Amino acid sequence: MAAGIREKQTVALKRMLNFNVPPIKNSTGEPVWKVLIYDRFGQDIISPLLSVKELRDMGITLHLLLHSDRDPIPDVPAVYFVMPTEENIDRMCQDLRNQLYESYYLNFISAISRSKLEDIANAALGASAVTQVAKVFDQYLNFITLEDDMFVLCNQNKELISYRAINRPDIMDTEMEAIMDTVVDSLFCFFVTLGAIPIIRCSRGTAAEMVAVKLDKKLRENLRDARNSLFTGDTLGAGQFSFQRPLLVLVDRNIDLATPLHHTWTYQALVHDVLDFHLNRVNLEESSGMENSPAGARPKKKNKKSYDLTPADKFWQKHKGSPFPEVAESVQQELESYRAQEDEVKRLKSIMGIEGEDEGAISMLSDNTAKLTSAVSSLPELLEKKRLIDLHTNVATAVLEHIKARKLDVYFEYEEKIMSKSTLDKSLLDMISDPDAGTPEDKMRLFLIYYINSVQAPSEADLEQYKKALMDAGCNLTPLNYIKQWKAFAKMASAPTSYGNATAKPLGLFSRVMNTGSQFVMEGVKNLVLKQQNLPVTRILDNLMEMKSNPETDDYRYFDPKMLRGSDSSVPRNKNPFQEAIVFVVGGGNYIEYQNLVDYIKGKQGKHVLYGCSELFNAAQFIKQLSQLGQK
C-alpha cells in the first residue's frame with residue numbers, strides 16, 4: 001500500500017483509456033483520438049480523479065453520457081465505461097446496431113454476468129459488428145476515491161445502501177442480502193485495485209459482520225479459482241514493499257451515532273457540514289447586492305460558483321484538517337505574500353520605464369532584464385497562487401458566515417464538553433431556548449448528542465421539558481423517536497461509547513491578525529484549539545492494529561481469506577501489529593472521523609490508514625435519515 005489508492009485507481013483509469021495497455025512513458029506521438037462514453041456511475045468515478053485537460057491529453061475529444069442522444073462518429077474508436085445494468089447493455093446493443101463508432105472498447109465498472117455478455121454478443125452478431133467490438137473488460141473500479149486515503153462506495157443510488165436502508169425495522173432478509181451484496185461488490189473491487197488481500201476483523205451481530213462474511217467468501221472463491229484469480233502475479237506485487245497484508249476493520253455506524261451529528265471545527269469537515277460539498281467540489285451561492293435595489297424590484301438572481309478542491313491544491317492539502325481560525329489566518333498570510341510578489345513585478349516595470357512600453361527604454365536596460373525575466377517566469381505560478389487564494393477566501397468567508405450566524409463555535413465547544421463528560425457551563429435548556437443560537441436543526445443535533453451520550457436517559461418529566469423547548473424552537477422531533485429505540489437497544493448490547501476526556505481550549509478571541517485589516521471579520525468567534533482525542537472508530541482501529549487487548553474489541557471476529565478453511569474465531573493468528581489498515585464504516589461516514597484517523601496516524605511512524613464508507617453524509621443528511629426512521 002506504499003502507493004495510495006488514489007494513484008492506483010488513476011493508473012487503472014488511464015490504462016483503460018489507453019485501450020487497456022499501459023501508456024508508454026516517452027512517446028512523443030499524438031495520442032489516438034477517441035470518444036469516452038460513461039454512465040452516471042462512471043462519471044462519478046472519473047471526475048474526482050481526472051480533469052478534462054488530463055482526459056484531453058489522453059486523446060479523449062468527447063465525453064458523453066451513455067443515455068444521451070449521441071450522433072454517429074463513424075471513424076473513431078469509443079471507450080465505454082459503464083455499470084453492467086440491463087438498460088446500459090440494451091443501449092450498448094443499440095449503439096452496435098446503429099453502427100455509431102469505428103470500434104468499441106467495452107469496460108464494465110463491476111464484473112458483468114455471463115448471460116449479459118451473451119446478450120452483447122448476440123447484438124454484435126445481429127449487427128454484423130463482431131469485428132468492431134475490440135475488447136471487453138471488467139475493470140473492478142466500482143468505488144469512488146476522494147483522497148489518497150479515503151474512498152466512498154457510490155454516489156448514484158446511494159439511498160439503496162444508506163444508513164436508513166440498513167436499519168429499517170421492516171426490512172426483509174432478501175433486501176438486506178441485496179444491500180450487503182452491493183457493498184461487498186464494491187469492497188471487492190477496492191481490494192482488486194489495491195492488489196492486496198486483507199485480514200478482516202469486524203464486530204459481531206451487526207451489518208458489518210454480514211459484510212465481512214460475504215467479503216471473505218468472495219475473496220476466498222476468487223483465490224481458489226487459480227486460472228481466473230485477480231490476485232496473482234503482476235497485480236499483487238505491484239508497488240508493495242511490505243510483505244505484510246493490510247488489516248480491514250469493518251465497523252458498524254451504530255457504534256457511534258454522535259459523531260455524524262457533531263458540529264465540527266476543522267476546515268474540510270466544516271465545508272462539508274455547512275456548504276454544498278460533493279465529490280471534492282464545493283458549490284457556493286454568491287449573494288448579489290440586495291440592499292441597494294429599489295423597493296419592489298425583483299431580488300437579483302444568485303450566482304452559483306463551483307470550485308474543485310483537489311490534491312493539486314497545496315493550500316487545501318495543508319489546511320483541510322486545521323481548525324478554522326488557523327485557516328483564516330493562513331489565507332491572510334498567503335494573500336500578503338502574494339501582494340508582496342505582485343508589487344515586486346510592478347516595481348521592476350516602473351524602474352525600467354516599461355510603463356510607456358517604449359522599445360528604446362527596454363533595450364537600454366539590459367542589466368535589469370535578468371531580474372525581469374525571473375519575475376516574468378514566476379507569473380504563471382503567481383496567477384495560480386492568486387486563483388487558490390481567491391478560491392479559499394470565498395470558501396472560508398462562506399463558512400465564516402455560517403459560523404457567525406449560527407454560533408457554531410459555541411455548539412462545537414458545548415458538544416465537545418458533553419462528549420467528554422466535562423462540566424457544562426450553561427444548561428442545555430438555555431442553549432435550546434436561546435433564539436440567537438443556531439437553526440432548529442443545530443439544536444436538534446445538540447440535543448441528540450446529549451441524549452446519545454447520557455448514561456442515564458433523562459427522566460420523563462425532564463424529557464417533556466426538553467421536548468417542549470425543542471418544539472418551541474421549531475425542531476422536528478421525529479429523529480428522537482428513532483434514537484430512543486436505538487438507545488434502548490444499544491443499552492442491552494453494550495456500554496455507551498466514551499469519547500476520551502479532552503475538550504477544546506479557547507485561546508481567547510482571535511489574535512492580532514484579525515484586527516489589522518484582515519478580510520475575515522472574526523469578532524466574537526472563539527478561537528478554539530483542538531486537542532487530539534480518539535473517536536470510537538479510531539480507538540477500535542488502534543486496538544486492532546496495535547494488537548491491544550481491550551474488552552471493546554476482543555470478541556471481534558477474525559477472517560483470513562487465504563486460509564484454506566475458514567475458522568470462526570476471534571483469536572487472531574497474527575500477533576504482530578499491522579503497518580497498514582483500512583477502516584470501513586458500514587452505514588455511512590463523515591469527514592470528522594476521517595480527519596480524526598489522519599491525525600491519529602500522523603503520530604505513528606511508517607503506518608498508513610485508509611478510511612472508507614458506504615456513503616458520505618453530513619449532519620443534515622443524517623438527521624433526515626433518522627427522521628425517516630423515526631416516522632414509522
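The values are calculated or read from the model by the stated rules, or taken from the named source; none is laboratory data. A quick note: this is a predicted structure, and the numbers were derived from the prediction, not measured. All Cβ positions, glycine included, derive from the backbone under ideal geometry; neighbour counts span all protein chains shown. Surface accessibility is based on the protein's heavy atoms, side chains included, excluding ligands, DNA and RNA. Shrake-Rupley method; radii C 1.70, N 1.55, O 1.52, S 1.80 Å.
Looking only at residues that are aliphatic (A, V, I, L, M) and under 22 Å from Q625 (Cβ atoms) in the stretch 458-477, which one is most open to solvent (accessible area, probe 1.4 Å)? So that I can check it myself, show each step before the final result.
Looking only at the stretch 458-477, we keep the residues that are aliphatic (A, V, I, L, M), and these are 461, 463, 469-471, 473, 477.
Going one step further and asking which of them are under 22 Å from Q625 (Cβ atoms), we end up with 470-471, 473, 477.
Numbers: L470: 0, M471: 115, A473: 29, L477: 30 Å².
Top of the filtered list is M471.
Each row is one residue, and each column tells you yes or no for (1) under 18 Å from H272 (Cα atoms); (2) part of a loop (DSSP other than H, G, I, E, B).
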site	(1), (2)
T131	no, no
A134	no, no
F137	no, no
Y140	no, yes
F151	yes, no
C154	yes, yes
L160	no, no
A165	no, no
D170	no, yes
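Checking the structure you have, find out if any residue of the stretch 20-35 is modelled with pLDDT of 90 or more, more than 17 Å from I144 (Cβ to Cβ) and among the small types (G, A, S).
no
Please go through the stretch 186-228 and give me each residue that is touching a residue at least 40 places away in the same chain (Cβ under 8 Å), more than 28 Å from R168 (Cβ to Cβ) and either in contact with a Gly (Cβ under 9 Å, 6 or more places away or on another chain) or not in a helix (DSSP H, G or I) (or both), ordered by number.
G195, A196, I197, P198, I199, R220
Counting only residues that are open to solvent by less than 10 Å² (accessible area, probe 1.4 Å) and closer than 16 Å to T266 by Cα, how many does the stretch 596-616 have?
Going through the stretch 596-616 one residue at a time, the tally reaches 1.
Six or more apart or on different chains, Cβ under 8 Å: which pairs go from a residue in the stretch 120-134 that's touching a residue at least 12 places away in the same chain (Cβ under 8 Å) to one that's of a type in the set (D, E) and open to solvent by 50 Å² or more (accessible area, probe 1.4 Å)? Could you list them?
Final answer for the pair search is Q132/E102.
Starting from the stretch 15-35, keep only residues that are among the aromatic types (F, W, Y), then list their pairs with residues that are modelled with pLDDT of 80 or more and not in a loop (DSSP other than H, G, I, E, B) whose Cβ atoms are within a distance under 6 Å, requiring at least 6 positions of separation or different chains.
Every condition considered, the pairs that remain are F19/Y105; W33/T61.
Report, ordered by the first and then the second residue, all pairs with beta carbons closer than 6 Å, sequence separation of six or more or different chains, a first member in the stretch 60-88 that is closer than 18 Å to S47 by Cβ, and a second member that is open to solvent by 70 Å² or more (accessible area, probe 1.4 Å) and modelled with pLDDT under 95.
Once the first residue is closer than 18 Å to S47 by Cβ and sits in the stretch 60-88, its partners that are open to solvent by 70 Å² or more (accessible area, probe 1.4 Å) and modelled with pLDDT under 95 give T61/W33.
Taking Y101 as the residue in question, decide whether it is under 23 Å from T193 (Cβ atoms) and among the aromatic types (F, W, Y). Step through it out loud before you land on a result.
Working: under 23 Å from T193 (Cβ atoms): no; among the aromatic types (F, W, Y): yes.
When the stated conditions are applied, Y101 does not pass them.
Might you let me know whether the stretch 431-450 holds any residue that is part of a helix (DSSP H, G or I), open to solvent by 60 Å² or more (accessible area, probe 1.4 Å) and touching a residue at least 40 places away in the same chain (Cβ under 8 Å)?
Going through the stretch 431-450, the residues part of a helix (DSSP H, G or I) turn out to be 431-433, 440-450.
Pick out the ones that are also open to solvent by 60 Å² or more (accessible area, probe 1.4 Å) and you get 433, 441.
Filter once more, so that each one left must be touching a residue at least 40 places away in the same chain (Cβ under 8 Å): 433, 441.
Checked the stretch 431-450: at least one residue is part of a helix (DSSP H, G or I), open to solvent by 60 Å² or more (accessible area, probe 1.4 Å) and touching a residue at least 40 places away in the same chain (Cβ under 8 Å).
On the basis of being open to solvent by 50 Å² or more (accessible area, probe 1.4 Å) and out of contact with any strand residue (DSSP E or B) (no Cβ under 8 Å at 6 or more places or on another chain), does D185 make the cut?
no
Quick one: in the stretch 68-122, of everything that is over 18 Å from Y38 (Cβ atoms) and assigned to a strand (DSSP E or B), which residue is most open to solvent (accessible area, probe 1.4 Å)?
Among them, the one singled out is D75.
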